[in-house]
Amino acid sequence: MENVSQEDQLQSIKAFQSTIRKSENALVNMTQKRNNTTLLQKRLQALYIGLALLEKIWNQKSHPYTEEDIAEARLVLMGLFPSLESTYANSKEGSPQKTLLERRIKAFHLAVQAMDTY
């Protein structure tokens, strides 16, 4: 995995935590409305795993995930890139949304790199 600055490590962990919080809130709302939550649950699990692997590499924290869990999470995260990059391309230059997307995309790329080396 590439050498990552402390600042980028912190921003990547925060990007994952923020995305997890938003996804957890969406899951609660979707469950209350009795909507199908299967896709969101898969994405949320992939986010948990991505964050856990980054924290393992950078902060030596352990995690309970199997190689199979990690492989599945990798596919889910990879599947998010087209929509993230499309939204990024359509975001206004210098906007908070564009900055958030930059950090999220970078964090997801770093997590996928961590999964590749696992």
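The values are calculated or read from the model by the stated rules, or taken from the named source; none is laboratory data. Please read these numbers as outputs of a predicted model, since none were measured by experiment. Neighbour counts run over all protein chains shown; Cβ positions are idealised from the backbone, glycine included. Protein only, heavy atoms only, side chains kept; ligands, DNA and RNA dropped before computing areas. Shrake-Rupley method; radii C 1.70, N 1.55, O 1.52, S 1.80 Å.
Connecting C-alpha atoms closer than 10 Å in a GNM of the chain, tell me which of Phe81, Phe108, Phe16 has the biggest fluctuation.
Phe81
For the chain, set up a GNM with springs between Cα atoms under 10 Å and report which of Leu101, Leu80, Leu39 has the largest fluctuation.
The residue that fluctuates most here is Leu39.
What shape does segment 56-111 have by the C-alpha gyration tensor, where a ≥ b ≥ c are the square roots of the eigenvalues, rounded means a/c under 1.5, and otherwise prolate means a/b greater than b/c and oblate the rest?
In terms of gyration-tensor shape, oblate.
What is the calculated FRET efficiency for Gln6 to His63, with r their C-beta to C-beta distance and R₀ = 25 Å, to the nearest 0.05?
Taking R0 as 25 Å, the efficiency between Gln6 and His63 is 0.75.
Under a GNM of the chain (C-alpha, springs under 10 Å), which listed residue has the highest mean-square fluctuation: Gln17, Gln97, Gln32?
Gln32
Normalised by the residues of segment 1-67, what does the relative contact order come to in percent, with Cα pairs under 8 Å and at least six apart?
31
Carbon and sulfur: what percent of segment 10-118's accessible surface (1.4 Å probe)?
About 51 percent, which is the carbon plus sulfur part of the accessible surface.
If exposed means no more than 11 neighbouring beta carbons inside 10 Å and the site is in a DSSP loop, what's the longest run of the chain without any exposed GluC sites (Glu not before Pro)?
In the chain, the maximal stretch lacking such sites is 3-92.
Can you tell me, using C-alpha contacts under 8 Å and at least 6 residues apart, the relative contact order of the chain as a whole percent?
36
Looking at (1) 50, 30, 24; (2) 46, 28, 24; (3) 41, 38, 20, which value of Cα extents along the principal axes in Å comes from a calculation on the structure shown?
(3)
Using +1 at the C-beta of Lys and Arg and -1 at the C-beta of Asp and Glu, which of Leu80, Asn36, Ser62 has the Cα lying farthest in the positive direction of the dipole of the chain?
In the chain, that residue is Asn36.
Can you tell me which lysines have their Cα less than 28 Å from the Cα of Lys61? Leave out same-chain residues fewer than eight positions away.
Lys14, Lys22, Lys42, Lys106
Over the chain, with the other protein chains present, what is the accessible area per residue in square angstrom, probe 1.4 angstrom?
62
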